[in-house]
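For reference, the structure discussed in these notes is given below.
The values are calculated or read from the model by the stated rules, or taken from the named source; none is laboratory data. Just so we're clear, the structure is a prediction, and the values are computed from it rather than from any experiment. All Cβ positions, even for glycine, are placed from backbone atoms using ideal geometry, and neighbour counts span all protein chains on display.
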Amino acid sequence: MTYGFDRYLRHDELTRWLHDTAAAHPALMTVESYGRSHEGRELWIATLTDASTGAHDTKPAHWVDANIHSVEVTAGVAALWLIQHLVSGFGTDDTVSRALRTRTFYVVPRVNPDGVEWALADSPRYRRSSVRAWPWRDAHRAPGLHQRDIDGDGRVLSMRIADPNGAWMVSDADPRLMVPVPVEGTAPGVARYRLLAEGELVDHDGFTVPTPAPPEGLDMNRNFPAGWGTSVRGSGDHPLSEPEIDALVRAMVARPNICGYNAFHTSGGVLLRPSSVASDSTLPPMDLWTWTQLGERGAALTGYPVHSVFEDFTWDKKVTMSGAADDWVYEHLGIYGWTTEFWDVIHAATGTKQSTHFWYVGPTPDEELAVLRWSDEHHPEMHVDWYPYDHPQLGPVELGGWDEMCTWTNPPLARLAQEVRPHAEFAVFQALAAPELEVIHTRCVALGGDTWRIEVGVANTGWLPTDVSAKARAEHLVLPVVGTLEGAEVVGGPARLELGQLEGRSGARFRDRVDGTPDRALATWVVRAAPGTEVRVRVTHQRAGASDAVVVVGA
């Protein structure tokens with residue numbers, strides 16, 4: 001199946017593309033199901049590594065997942081682009097080739113296939129994430145307005161209703177735009193409107209229009225164990241209550257070689273990092289510095305600025321976004337997590353980044369006007385002129401305004417590829433920052449008779465330490481480097497040696513230019529064997545991978 005990254009794939013197409021790509025690159029990619037969604041769809045994970053240099057679980061790994069939120073479909077395109085970037089770059093791109101020879105990538109292109117199917121349907125239904133009814137198990141729809149495509153044109157737009165007390169009026173700059181009525185009100189005769197989402201009313205009383213939450217009120221990115229709480233909107237019945245999140249967490253924990261994490265979302269055009277619930281002053285200084293170093297390269301590669309979720313993106317510090325994936329991977333696994341929010345339409349239109357509080361306050365009238373002018377020139381499908389519609393409960397209304405699916409939430413289809421392209425390079429960069437175990441020294445010393453001392457020197461040749469973060473070290477989340485020996489009788493000690501954690505290059509500048517060798521460890525065994533015996537040594541670490549050596553006794 002060919003795919004041009006210029007549209008969104010339904011679940012069946014996604015499944016076919018993944019399996020076709022794996023079949024075309026059997027030495028680089030495998031696809032397997034790690035669970036099923038609420039509606040029974042397979043949850044796919046792609047594993048990418050050069051199988052000729054070792055199994056996927058013997059190399060440090062980078063994890064990417066996408067589309068936990070249903071309408072954020074650009075995220076899934078970015079995950080597929082990463083897969084294509086890796087398989088097409090192997091053998092032609094030196095950086096990609098090195099990454100696949102020495103690292104593993106785990107890519108989950110669609111965490112939430114059910115919600116995406118609703119969003120991409122011919123008559124779409126937009127939900128935050130899962131389609132499971134919650135908190136009312138019977139899918140009860142409370143009285144009020146429920147968003148849906150009421151005229152069957154495949155879009156969910158806005159409705160405007162003439163109302164002398166409405167909060168909106170037509171813009172003087174462009175009659176297609178609605179702007180807030182100013183504090184002092186309007187002059188006599190100026191038309192005012194009430195704005196609503198396109199949808200239908202349940203149990204309409206003829207006067208009020210409540211806007212209740214939809215029956216499917218879950219937010220699966222609040223269902224992770226770290227910081228989970230019942231006060232968080234959409235958090236679910238308990239941590240991991242949703243099958244998609246339970247399966248995801250189990251899949252990650254089953255792969256202890258994961259050293260880095262990236263969740264793909266929309267929108268905002270930013271790279272977000274933890275914490276979502278606490279200030280930067282609560283983070284270990286070394287971890288904050290490391291995030292800054294990684295983020296500087298990410299910003300340079302993608303053009304997206306880096307922000308702390310709590311410090312920069314949380315408007316009300318008393319209402320935090322806890323239970324999120326990037327917090328969980330840091331708090332419970334001790335790895336650096338990133339949330340990439342693709343697409344900033346204001347930046348596309350003006351060259352200026354949108355406010356970090358955009359999610360709360362929305363665009364200014366000047367920003368909306370700039371986006372409209374830009375869409376007129378480049379992507380006129382983004383905005384729909386207002387047109388009359390006879391609403392079954394409200395009577396005469398007008399439908400129109402922004403098609404938010406391809407304006408504020410996702411880029412126009414023609415811009416998909418250029419928007420996601422540089423983020424594959426950032427994923428590869430993060431993977432190559434991982435620790436990497438390597439045997440760099442061996443020696444066999446005769447002790448008399450058939451007794452020998454075998455020395456094996458191992459080094460972490462990667463940038464990060466073997467346990468990745470100060471958080472992981474402080475909470476003992478990662479097992480030490482282990483050396484094992486086979487092929488000779490070990491005398492006077494164990495055949496299995498624990499060698500601790502090894503520093504990476506990331507800490508060099510904090511050692512006053514007196515490096516020492518905190519990145520190295522020496523394993524020593526005393527063995528009994530005949531000259532010429534081949535002794536096999538294997539050094540392993542759950543995150544930094546494995547390295548083997550053969551020592552010939554007496555050579």
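Worth a mention:
- Residues within the stretch 530-555 that are crowded, with 22+ Cβ neighbours inside 10 Å and under 24 Å from residue 450 (Cα atoms), tallied: 3
- Looking at 442, 466, just one residue is out of contact with any Leu (no Cβ under 8 Å at 6 or more places or on another chain) and hydroxyl-bearing (Ser, Thr, Tyr), and that residue is 442.
- Checking each residue in the stretch 222-267 for being part of a loop (DSSP other than H, G, I, E, B), crowded, with 21+ Cβ neighbours inside 10 Å and modelled with pLDDT of 95 or more picks out 223, 224, 242, 257.
- Some residue of the stretch 398-409 being in a loop (DSSP other than H, G, I, E, B), hydrophobic (A, V, I, L, M, F, W, C), under 29 Å from the mean Cα position of the chain (by Cα) and closer than 29 Å to residue 100 by Cβ: no
So that you can scan it fast, the table gives a plain yes or no per residue for (1) of a type outside the set (S, T, N, Q); (2) closer than 29 Å to residue 366 by Cβ; (3) assigned to a loop (DSSP other than H, G, I, E, B):
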{"site": "127", "(1), (2), (3)": "yes, no, yes"}
{"site": "131", "(1), (2), (3)": "yes, no, yes"}
{"site": "136", "(1), (2), (3)": "yes, no, yes"}
{"site": "165", "(1), (2), (3)": "no, yes, yes"}
{"site": "193", "(1), (2), (3)": "yes, yes, no"}
{"site": "196", "(1), (2), (3)": "yes, yes, no"}
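- Filter result for residue 48 (within 23 Å of residue 329 (Cβ to Cβ), touching a Leu at 6+ places or on another chain (Cβ under 6 Å) and touching a residue at least 60 places away in the same chain (Cβ under 8 Å)): no
- Residue count for the stretch 468-497, restricted to those that are farther than 30 Å from residue 274 by Cβ and free of Cβ contacts under 8 Å to residues at least 40 places away in the same chain: 7
- Test: residue 323 is of a type outside the set (Asp, Glu), at positive phi and touching a residue at least 40 places away in the same chain (Cβ under 8 Å): yes
- Check on residue 120, over 23 Å from residue 246 (Cβ atoms), in contact with a strand residue (DSSP E or B) (Cβ under 7 Å, 6 or more places away or on another chain) and hydrophobic (A, V, I, L, M, F, W, C): no
- Selection status of residue 417, over 30 Å from residue 145 (Cα atoms) and touching a strand residue (DSSP E or B) at 6+ places or on another chain (Cβ under 9 Å): no
- Single match in 377, 419 (criterion: surrounded by 21 or more Cβ atoms within 10 Å (Cβ to Cβ) and assigned to a helix (DSSP H, G or I)): 419
- Checked across the stretch 48-56, the condition of being more than 22 Å from the chain's Cα centre (by Cα), β-branched (Val, Ile, Thr), surrounded by fewer than 20 Cβ atoms within 10 Å (Cβ to Cβ) and outside any loop (DSSP other than H, G, I, E, B) holds for at least one residue.
- Residue in the stretch 24-34 that is in contact with a Pro (Cβ under 7 Å, 6 or more places away or on another chain), in the same structural domain as residue 422 (by TED's automatic domain parsing) and in contact (Cβ under 8 Å) with a residue 40 or more places away in the chain present: no
- Among residues of the stretch 31-45 being part of a strand (DSSP E or B) and touching a Leu at 6+ places or on another chain (Cβ under 8 Å), the one that is surrounded by the fewest Cβ atoms within 10 Å (Cβ to Cβ) is 33.
- Considering the stretch 390-418, the residues that are without any contact (Cβ under 8 Å) to a residue 24 or more places away in the chain and not charged (D, E, K, R) include one that is nearest to residue 160 (Cα to Cα), namely 396.
- Taken over the stretch 445-458, residues that are touching a Leu at 6+ places or on another chain (Cβ under 7 Å) and small (Gly, Ala, Ser) amount to 1.
- For the condition touching an Asp or Glu at 6+ places or on another chain (Cβ under 8 Å), among the polar types (S, T, N, Q) and under 21 Å from residue 335 (Cα atoms), residue 542 does not qualify.
- Taken together, the criteria exclude residue 127 from residues that are closer than 18 Å to residue 251 by Cβ and either of a type in the set (Phe, Trp, Tyr) or crowded, with 22+ Cβ neighbours inside 10 Å (or both).
- Per-region count, the stretch 126-161, residues among the hydrophobic types (A, V, I, L, M, F, W, C), touching a Phe, Trp or Tyr at 6+ places or on another chain (Cβ under 9 Å) and at pLDDT 90 or above: 6
- Some residue of the stretch 471-481 being surrounded by 16 or more Cβ atoms within 10 Å (Cβ to Cβ) and over 30 Å from residue 332 (Cβ atoms): no
- Given (1) free of Cβ contacts under 8 Å to residues at least 24 places away in the same chain; (2) in contact with a Gly (Cβ under 7 Å, 6 or more places away or on another chain); (3) part of a loop (DSSP other than H, G, I, E, B), index of the condition residue 387 fails: (3)
- Scanning the stretch 480-520 for residues that are among the hydrophobic types (A, V, I, L, M, F, W, C) and not in a loop (DSSP other than H, G, I, E, B) yields 481, 482, 485, 490, 497, 499, 508, 510.
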